[in-house]
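Everything on this sheet refers to the single structure shown next.
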Amino acid sequence: MVPGYQRRPESADCGTTIPAWREPSVVSMIQVREVTKRYGAKTVVDHLSFTAKPGQVTGFLGPNGAGKSTTMRMIVGLDAPTSGDVLVNGKPYASSKAPLREIGALLEAKAAHPGRTAVSHLLALARTHGISRSRVDEVLGLVGLSDVAHKRVGAFSLGMGQRLGIAATLLGDPAVVMLDEPVNGLDPEGVLWVRNLLTGLAAEGRTVMLSSHLMSEVSLIADHLVIIGRGKLLADTTVADFVTAEGVRVVTPAPDALRTTIAGPGVTVTSTGAEELLVAGTSARKIGLAAAARGIPLFELTPQNASLEEAFMDLTRHAVEYEASR
Amino acid sequence: MNITPGGVAAAEWTKFSSLRSTWITTAISVFLLVAFGMIASASFSGDGMTSIDLALSGTSLAALSVGVLGALLGASEYTTGMIRATLAAVPRRLPVLWSKSLVAGSAAFVTMTAGAFAAFAAGSAVLNDKVTGLGLGDDGVLRALLGAGLYLGLVAVLGVALGVLVRSSAGAIAILAGLLLIVPGLAALLPDSISEAITPYLPSNAGSAVMALTQADGTLAPWAGLAVFAGYVVVTLAAAAYRLKKTDA
Ligand SMILES: Nc1ncnc2c1ncn2[C@@H]1O[C@H](COP(=O)(O)OP(=O)(O)O)[C@@H](O)[C@H]1O
Ligand SMILES: [Mg+2]
């Protein structure tokens, strides 16, 4: 049922012997269950539930301040939920024997001491788990930082800092990769690289989750969308389902006749002008055939696929306005 | 490839040793210890101070220096954002504090013990003619030198604990300096009866007792004094552990 995630072969450069880190029956995924987070009187995450599944890229979307980063901090146990709980690969994160093997998380750019070199930074994280020095070099190579491995992190650009953060997430060859706004500060080439990396990780059967406040950043790679506004779940859907909701625009000199012709269960017709209708719940093809059968002329028959961006804006507009008006 | 206490300690050693500031601060601490020991040993010509007292006269400045090193090690996790990466790797959290304390404490103990012996050797070499020289074999000398290393090691741990507790470099350093330097001065302002009762138990006074060749009036016995100082460190560590474990990172 669950696509098997093939662990990296235990090659010699992995150094240590790796015990069975996950029973095959345990699914690699993130389960957020009825989580609420309050800071003082302010509810930042509000009874939020969703699951990020293996083999998929889950896009975690919401306007700035929606509670995405807070949710992600709770997933790796940095912040404790006020109520509700989070399971990573079927258990609370803190109970794991090898946390870096469960989930690699990029939380904020430059969660690193500026005085350390890239190598020392990664080595410090790797040593907690007995991960070898050669794996550190390997992930530096994967993110394209080999040349600056011995440069101090304080001299890194925003994009290099992001790459270093992504290198850290890969250290433990984790079953789940979770990135908070990963393309912030990356150049177009870097954005493309992150996309390919994440789709590749998901194709290997891993669970991939990334957050963004821009639909355009996730729509190309996400299979699954979790959209929140003001801490509440607004949509938990697939990219395909999210776009096809708008309906069909019809222009005809006989709108009333067409209305009666196509009326039926589930079909809604809205008048948008003297000769214009917006029809939802049926297809352009059916409308065209019905009109032809009755001899009703049509001047225009256009499926309205609101862009993902528009749909996202519509969905979250209220949440944004509420934030802005305070 | 599991998380282990040894692994977390090795990670903390990597963090500690990979910062240039660690080496600079450590070198400064040793320098202060030796330089002040030599200057005091060469220039003091009165009585009331032994050659050990003179050789170790740099300890209060060295204490500030190693304490700052510990405080920066603890607080910089928060000021740089590194704490998120650290705790995501070690979600049980407390091993990070124990390992940081162990690393900072042992490093300070080793370097400061060496510094104390160097200060004693150098101080003896330039000792003022009016002061009686002492050898390593004399009563209390080894204890005082080793005690100086232990005291300074504990000060480094106190710094780590304060850094993790207050999460700010400036805050931790201010509290450290206050505890070690200002509190004794404030206590002297209290009425004599109260002042005399509490003065021996103040952190720096209690800790320094281990470095005195003979126990003076109004001071604690050497090991008792060090134990009292260790008590302060344990209490601060417990507070740091509580905050680390219970609050959002
Ligand atoms: N530690 C905190 N204390 C108080 N408020 C916080 C804290 N962290 C986040 N918030 C608030 O929670 C809201 C959600 O923030 P965040 O999770 O960063 O949103 P997003 O990542 O979706 O932009 C914001 O209004 C922010 O100000
Ligand atoms: Mg955010």
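Derivation of every value follows stated rules applied to the coordinates shown; laboratory data play no part. Model, not experiment: these values are computed from the prediction. As a convention, Cβ positions derive from the backbone with ideal geometry for all residues, glycine included, and neighbour counts pool all protein chains shown.
Summary of computed values
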quantity: Inverse of mean 1/r across different Cα pairs in the stretch A:185-239, Kirkwood, Å; calculated: 12.3 Å
quantity: Chain A: angle of helix A:118-128 to the longest principal axis, Cα-based, in degrees nearest 10; calculated: 80 degrees
quantity: Proximal charge balance of A:Arg116 [Cβ under 14 Å; K/R count +1, D/E count -1]; calculated: +4
quantity: Summed side-chain charge close to A:Ser49 - residues other than A:Ser49 whose Cβ falls under 9 Å, Lys, Arg +1, Asp, Glu -1; calculated: -1
quantity: Separation of the A:Asp187 and A:Thr237 label points, Cα + 7 Å toward Cβ, nm; calculated: 3.7 nm
quantity: Shielding by other protein chains, B:2-8, mean Cβ within 10 Å; calculated: 6
quantity: Candidate aspartates and glutamates - alpha carbon under 16 Å from A:Lys232, same-chain residues fewer than 8 apart omitted; calculated: A:Glu34, A:Asp46, A:Asp85, A:Asp314, A:Glu321, A:Glu323
quantity: Whole-number Å³ per residue for the convex hull built on Cα positions in the stretch A:59-199; calculated: 119 Å³
quantity: For peptides A:210-221, B:184-195, B:232-243, B:114-125, sequence by mean Cβ density within 10 Å, most packed first; calculated: B:114-125, A:210-221, B:232-243, B:184-195
quantity: Overall Cα dimensions of the stretch B:1-151, principal axis frame, Å, largest first; calculated: 61, 28, 21
quantity: FRET efficiency, B:Asp129 to B:Leu186 (Cβ-Cβ, R0 35 Å, nearest 0.05); calculated: 0.35
quantity: Largest-first principal axis extents, alpha carbons of the protein assembly as shown, Å; calculated: 124, 60, 40
quantity: Average partner coverage of B:88-97, which counts Cβ from other chains inside 10 Å; calculated: 6
quantity: Computed E for A:Leu278/A:Asn64 - FRET, C-beta separation, R0 30 angstrom, nearest 0.05; calculated: 0.45
quantity: Proximal lysines to A:Lys91, defined as alpha-carbon separation beneath 16 angstrom and excluding residues fewer than eight positions away on the same chain; calculated: A:Lys53
quantity: Net +/- balance of residues flanking A:Ser211 in space, Cβ distance below 9 Å, scoring K and R +1, D and E -1; calculated: -1
quantity: Shielding by partners, peptide A:119-126 (average Cβ within 10 angstrom, other chains); calculated: 6
quantity: Chain A, helix-only ellipticity at 222 nm - DSSP H runs n ≥ 4, -39,500 (n - 2.57), divided by all residues, nearest 500; calculated: -9500 deg cm²/dmol
quantity: Percent antiparallel among DSSP beta bridges (both partners in the protein assembly as shown, rounded to 5); calculated: 65 percent
quantity: Cα convex hull of chain A, projected area averaged across orientations, nm²; calculated: 21.1 nm²
quantity: Nonlocal amide H pairs with A:Asp46, under 5 Å, H built at 1.01 Å; calculated: A:Lys37, A:Lys232
quantity: Among A:279-285, A:291-297, the order from most to least packed when residues are scored by Cβ within 10 Å on average; calculated: A:279-285, A:291-297
quantity: Nonlocal amide H pairs with A:Leu106, under 5 Å, H built at 1.01 Å; calculated: A:Met178, A:Leu179, A:Asp180
quantity: FRET E, pair A:His47, B:Ser168, Förster distance 35 Å, beta-carbon r, rounded to 0.05; calculated: 0.55
quantity: 5 angstrom amide H check on A:Leu225, placed H, neighbours 5+ away; calculated: A:Gly59, A:Thr237, A:Thr238, A:Val239
quantity: Overall dimensions of the stretch B:86-233 by Cα: Rg and Dmax, Å; calculated: 17.7, 60
quantity: Within chain B, helix-based [θ] at 222 nm, where runs of 4 or more DSSP H residues each add -39,500 (n - 2.57), nearest 500; calculated: -24000 deg cm²/dmol
quantity: Nearest-ten-degree value, helix A:308-324 long axis tilted from longest Cα axis of chain A; calculated: 80 degrees
quantity: Length-normalised contact order of the stretch B:17-77 in % [C-alpha pairs under 8 Å, at least 6 apart]; calculated: 42 percent
quantity: Kirkwood Rh and Cα Rg combined as Rg/Rh, the stretch A:247-304; calculated: 0.89
